[in-house]
Amino acid sequence: GNGGTHVAAHNEDQMRRAIEESLQVNQRQEANNLRRAEVASLQNNKNKAKVVNKKTSKTPAVASANVIDLTGDDSKPAATISKTKRNTAVKSAAAVNAGKAAVSRFSNNKNTTNNNNNNKIPSPTSKTLSQTHPNVKLPTKLQSKSKEEQILRTANRVKPHVMAVDTLLRVLLSVRSSPDNFKFRVIDRSNANYVQYVRDVPGAEDLLLAMNYRRNSHSSKNELRLERHLVDDALLYLGISALEQMRESEEYKLGKKLRAFHAEMRRIGKGQKEQQNLTEGEMEVRLQYLTKCPKEPPVGRGAIMNVLLGDEREKIDGGLASRRFDGDDTLADVLNWLGGCYGDELLERLRSREWCLCDLNRYPILPLDVEKHQNKTLQYIGLFPSGKLGVRLSEDSWRDGDEIMDDIHGSARGLGAASRSMLY
């Protein structure tokens, strides 16, 4: 047993010594290879230096900028070489063309930058619009037209905006009645009413500038000012007459109706948001409508129905109602839900066609006949799987009970929905 153990230990010791000797041999070979490579590199550099010295000895001395010390010995004279020539290998046609294109782009960018920075006159090769398009004529700028034409044009652009027309007319009448009153000749452009009704209306501020109002650039205040010596009675008369004429236009009258309609929508939306202020009779009527509504489907079932009061851009407070309905629920269920939200007044005006209920997911937007389709399912009407209705002011033809005779575009919405020709 001891003999076997001794033999195994001896074998392990021999194996270990063999491995160490092999590693040492490999290390010595690597060191010798490195030394040979260094010697070969030094010899190659010396040969190159000798060739360069032979060439430079036959040529005149060159500038000191071309002197390179190849020996590394300060005591020996430095060897001088000229700049080596670039590689003259043949380039492909694609490489040559790419280089030319890069040079052209660089020169064009440089010329453009110089022209922009130095405001140089364009080169004779650049053509004007009249040269490239001789038959195109640009219209004259509004500021270049006569004062009379400026006033008439700007007043015509303002006419659909009721509050802007009324505000401008009031300002001009005040200036004409009291031209010496400085208060009437200054307009604060940061005023909340001016910002909401006048500043961003197309043509409104241009009309004031045509009346000789000027922006006050010498003051930190953001205002328009009409100096006393610039008050022109003829321009005031023309501006007032133009605005009064705009108040007789169909666009102004329609804007007046829409403004009154949205005031009604705000009143109804406020009543829905402040239900605690309702009387007992109003609360009882709304609860009766809600008892007629089907149970609302749980989350994940049915489709959400959104109803907007008035134009979405008006952002009426309390003017959005939302609820889930199933596809087999009817339009009457939606009307009962609206009666529970906004009261009996909304439904009465929808049935009388003073107002109308429109499907906002279709184009063109047309009113729904709530009497004709109240027993139709939401899927049949096209309000499932998504519905977006809006309460809008009815046109005169719809209010008078006329049928829609316009060409009906669009297609049915959703599986199982009726075509537009069946609904209108």
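From the phi angles alone, apply the Karplus equation (6.51, -1.76, 1.60; θ = phi - 60°) to segment 312-326 and give each ³J(HN,Hα) in whole Hz, x where the residue is Gly or Pro.
The phi angles translate into 4, 5, 6, 6, 6, 5, x, x, 10, 10, 9, 6, 8, 9, 8 Hz.
For Ser249 paired with Leu173, estimate the spin-label separation in nm (one decimal), with each label point 7 Å from Cα along the Cα-to-Cβ line.
Going from the Ser249 label point to the Leu173 one covers 1.9 nm.
When only Cα pairs under 8 Å and 6 or more residues apart are kept, what is the percent relative contact order across segment 333-386?
Working: 30 pairs, mean separation 10.2, N = 54.
In percent, rounded to a whole number, it is 19.
Could you give the Stokes-Einstein D for segment 190-328 in µm² per second, using the C-alpha Kirkwood radius, 20 °C, 1.002 mPa s?
Values: Rh = 20.2 Å.
Using the Kirkwood radius from Cα pairs, D works out to 106 µm²/s.
Could you work out how far apart the two model spin labels at Thr279 and Asp166 are, taking each label as a point 7 Å from the Cα in the direction of the beta carbon, and quote it in nm?
Once both label points are built, they end up 2.9 nm from each other.
If packing is taken as the average count of other Cβ atoms within 10 Å, what order do 262-271, 27-36 fall into, highest mean first? Mind dumping the intermediate values first?
Details: 262-271: 17.4, 27-36: 10.0.
Most protected by this proxy first, the peptides run 262-271, 27-36.
In percent, what relative contact order does segment 210-293 have, based on Cα pairs under 8 Å that are 6 or more apart in sequence? Walk me through the intermediate numbers first.
Working: 27 pairs, mean separation 12.6, N = 84.
Computed value for segment 210-293: 15 percent relative contact order.
Spin-label point model (7 Å from Cα, Cβ direction): what's the Leu209 to Asn47 distance in nm?
Taking the simple label geometry, Leu209 and Asn47 are separated by 8.3 nm.
Please find the FRET efficiency linking Asp188 to Lys257, where r is the Cβ-Cβ separation and R0 is fixed at 25 Å, and quote it to the nearest 0.05.
Details: r = 30 Å, r/R0 = 1.21.
That pair, Asp188 with Lys257, gives E of 0.25.
Between Lys270 and Asp200, take the C-beta separation as r, use R0 = 25 Å, and let me know the FRET efficiency to the nearest 0.05.
Values: r = 26 Å, r/R0 = 1.04.
It comes to 0.45.
Please give the length that would be gained between Asn375 and Ser322 if that part of the chain were fully extended, namely 0.36 nm times their separation in residues minus their C-alpha to C-alpha distance (nm, one decimal). Walk me through the intermediate numbers first.
Values: separation 53, 0.36 × 53 = 19.08 nm, distance 2.07 nm.
Once the chain is fully extended between Asn375 and Ser322, it gains 17.0 nm.
At 1.4 Å probe size, with every protein chain present, just tell me what the per residue accessible area of segment 157-270 comes to in Å².
On the way: 6380 Å² over 114 residues.
I get 56 Å² per residue for segment 157-270.
Using a 1.4 Å probe on the protein heavy atoms only, what accessible surface does His10 show? Give it in Å² to the nearest 10.
So the heavy atoms of His10 present about 90 Å² to solvent.
Could you state how much accessible area Thr128 has, in square angstrom rounded to the nearest 10, with a 1.4 Å probe and all protein chains kept in place?
70 Å²
The values are calculated or read from the model by the stated rules, or taken from the named source; none is laboratory data. Remember, predicted model here, so these are calculated numbers, not experimental data. Note that each Cβ is placed from the backbone with ideal geometry, even for glycine, and that neighbours are counted across all protein chains shown. For accessibility, only protein heavy atoms count, side chains too; no ligands or nucleic acids. Shrake-Rupley method; radii C 1.70, N 1.55, O 1.52, S 1.80 Å.
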